[in-house]
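Only one structure is covered here, and it is reproduced in the block below.
The values are calculated or read from the model by the stated rules, or taken from the named source; none is laboratory data. Bear in mind the structure is a predicted one, so any value in this text is a computation, not a measurement. Cβ placement follows ideal geometry from the backbone for every residue including glycine, while neighbour counts extend to all protein chains displayed.
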Amino acid sequence: MKKKFYITTPIYYPSAKLHIGHAYCTTLSDIFARSKRERGYECYFLTGADEHGLKIEKNAQQAGVSPQEFVDNIVKGFYSLWDLLHISNDDFIRTTQERHTKVVQDIFSKMLAQGDIYLGHYEGWYCKDCEAFWTDTQVGKDHICPDCNRPVSKAQEEAYFFKTNKYLPNLLKFYDENPNFLTPVSRKNEMINTFIKPGLEDLCVSRTSFTWGIPVKENPKHVVYVWLDALTNYITALGYGSDNEEKFRKFWEDPDTEIIHILGADITRFHAIYWPMFLDALNLRKPDREFVHGLLMMKDAKMSKSKGNVVDPYPLVERYGVDAVRYYLAREITFGSDGSFSPVQFVERINNDLANSYGNLLNRTLGMMNKYFDGVIPSYKGQVTSFDGALETCIETTITSYEKAMDDLKITEAISYVNDLVNRANKYIDETMPWVLAKDETKKEELASVMNHLANAIYVASILYRPVLVTASEKALEQLGVTTENRNYNKLHNLKLLDNVKINKAEALFPRLDPTVEVEFINSLMGNH
Ligand code: ME8
């Protein structure tokens, strides 16, 4: 296991407000980063904005402002959404920042000097919305963009190209030697069958038909085409090519850092084919993993800004809280598979898993501790009741399975193990029947052991939930009387940690939602878009 992690999200286009699909990717990446930090690893988490391109130039024109003003305004919304969702990114890169633009120009020059980039003419099918050229085979006889299904048109212009075939043998070798590079594995087959086998074209890396981009120094009527500009953010953010490459050495070059890109299925091609080639051309190491998450569908279609069928995460978080939204995204839609946002399931998840299971476990336990032990957690005395051993084993196996799943980016699965522990602890209450034990003086030790075991189970569940339920798990730990110092992953296995701790006032963590009212509310939000 490597000791350091560098994890990135795609840099999103500030062409319109972000929707729940973007929030999904960033939240899941955040959960992963937080879970690594909890466990003592050093983790550098990057997100950002991809600010150049024709679409932004056009949107700014329509809005009657300069492209820079336009993106500045939208990016403000990115910042506040990530604040609202408690995203713990260490940096936010904007491709209009000098730390990026200058280095992209240098990268372009280097590739040009090396003969990796050449000037030619491009004629192809261009999709304005995706800012991508496609081949005849890809657009088919209807001339439809294979990504967004909109009509494409023939375009020709002078352009620079990146020689993909020079680097293709290396790429295929890299795929073979690194079977975990691109997951889920089906994505690798898709790359090979859809893009590589039919014949990979050289990649167009400059445009002359718009000006909102990074000028090519050697030929300033060209701007760097958006994917060479965009993908390099992952290294410019670390200071690659700048006067201070310290972070780059630490989080990219150091073999002890695991580099993970998280991205949606719509942009796999760029990350899995061209990005490793660019890195090869720069003689740099490639990422360890690219994890492709599925897309959230809405009304049977991919949710997207241009289709206008989006769910705005803002009002959801405002009404249900950050934990509910983060939890739903992480638990309901298996990371790596496509999913759909469903108001009914949203409300069900919150009610079942958070209010009825986790919240209720805490509430019942604190109530019994107040009633039977004056609000003090009895000390650990080993396995006193015949059910204690099973709960202890469940706690240990939960921690092990959780770590294994998280390490493999199976975030949904990791969370479901914590849910299982919570359910097991609720069942333990039914099995041990503390209210019956309390009636018999000779059962005092057993009752004390039950309370201690419950406190430990809640403690472990809360620490494991913490990367997801960023505020509620702290509240639970506070109510349980756990000091800030003891809210520590390293103390998970210490069964005596909570001995004689005085608990605090119990308050419901998650109010139970009225399904009829709330489903209607969420539907009305969706109808507004
Ligand atoms: O492609 N469901 O930016 P973008 C889930 N700037 N995730 C979704 C989604 C959906 N319906 N829609 C978008 C770009 N996403 C480029 C990236 S990276 C060097 C440059 C998420 O604003 C998903 O992660 O269109 C997807 O890959 C990304 O947003 C695309 O964001």
Considering each of Val418, Val422 in turn, give the residue that is at negative phi and in contact (Cβ under 8 Å) with a residue 60 or more places away in the chain. Val422
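Yes/no matrix, rows are residues, columns are (1) assigned to a loop (DSSP other than H, G, I, E, B); (2) modelled with pLDDT of 95 or more; (3) under 23 Å from Leu171 (Cα atoms); (4) more than 9 Å from the ligand (Cβ to nearest atom):
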{"site": "Lys250", "(1), (2), (3), (4)": "no, yes, no, yes"}
{"site": "Ile260", "(1), (2), (3), (4)": "no, yes, yes, yes"}
{"site": "Leu263", "(1), (2), (3), (4)": "no, yes, yes, no"}
{"site": "Asp266", "(1), (2), (3), (4)": "no, no, yes, no"}
{"site": "Phe270", "(1), (2), (3), (4)": "no, yes, yes, no"}
{"site": "Pro276", "(1), (2), (3), (4)": "no, yes, yes, yes"}
{"site": "Leu284", "(1), (2), (3), (4)": "yes, yes, yes, yes"}
For the condition assigned to a helix (DSSP H, G or I) and more than 20 Å from His261 (Cα to Cα), what is the one hit in Lys166, Lys221? Lys166
Residues (under 27 Å from the mean Cα position of the chain (by Cα) and surrounded by 18 or more Cβ atoms within 10 Å (Cβ to Cβ)) located in the stretch 476-497: Ala476, Leu477, Arg487, Leu492
Ile87, sole failed condition from (1) at pLDDT 95 or above; (2) assigned to a helix (DSSP H, G or I): (2)
Selection from the stretch 498-529 of residues buried (at least 19 other Cβ atoms within 10 Å of the Cβ) and farther than 26 Å from Tyr320 by Cα yields Leu498, Val501, Ile503
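Yes or no, residue by residue, for (1) in contact (Cβ under 8 Å) with a residue 24 or more places away in the chain; (2) under 29 Å from Pro313 (Cα atoms):
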position	(1), (2)
Lys427	no, no
Lys444	no, no
Val450	yes, no
Thr484	no, no
Arg512	yes, yes
What number of residues in the stretch 236-248 are in contact (Cβ under 8 Å) with a residue 60 or more places away in the chain and either away from the ligand (no atom under 16 Å from the Cβ) or part of a helix (DSSP H, G or I) (or both)? 5
Please name all residue pairs, on different chains or six or more residues apart, with Cβ atoms under 8 Å, provided the first residue is in the stretch 55-84 and is touching a residue at least 60 places away in the same chain (Cβ under 8 Å) and of a type in the set (Asp, Glu) and the second residue is part of a helix (DSSP H, G or I) and surrounded by 13 or more Cβ atoms within 10 Å (Cβ to Cβ). Glu57/Pro67
Mind checking which residues of the stretch 175-204 are within 16 Å of the ligand (Cβ to nearest atom) and either at pLDDT 95 or above or polar (S, T, N, Q) (or both)? Leu182, Thr183
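Looking only at the stretch 119-158, count how many residues are over 34 Å from the mean Cα position of the chain (by Cα) and surrounded by fewer than 13 Cβ atoms within 10 Å (Cβ to Cβ).
Summing the residues that are over 34 Å from the mean Cα position of the chain (by Cα) and surrounded by fewer than 13 Cβ atoms within 10 Å (Cβ to Cβ) in the stretch 119-158 gives 9.
Name the residue, out of Gln62, Gln105, Gln68, that is at pLDDT below 95 and within 24 Å of Thr211 (Cα to Cα).
Unique residue meeting the criteria: Gln62.
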Single residue of the stretch 1-33 satisfying the filter (part of a loop (DSSP other than H, G, I, E, B) and hydroxyl-bearing (Ser, Thr, Tyr)) that is farthest from the ligand (Cβ to nearest atom): Ser15
For the stretch 400-416, give me each residue that is surrounded by 20 or more Cβ atoms within 10 Å (Cβ to Cβ) and either among the hydrophobic types (A, V, I, L, M, F, W, C) or over 19 Å from the mean Cα position of the chain (by Cα) (or both). Met406, Leu409, Ile411, Ala414, Ile415
Taking only the stretch 121-151 into account, find how many residues are aliphatic (A, V, I, L, M) and in a strand (DSSP E or B). 2
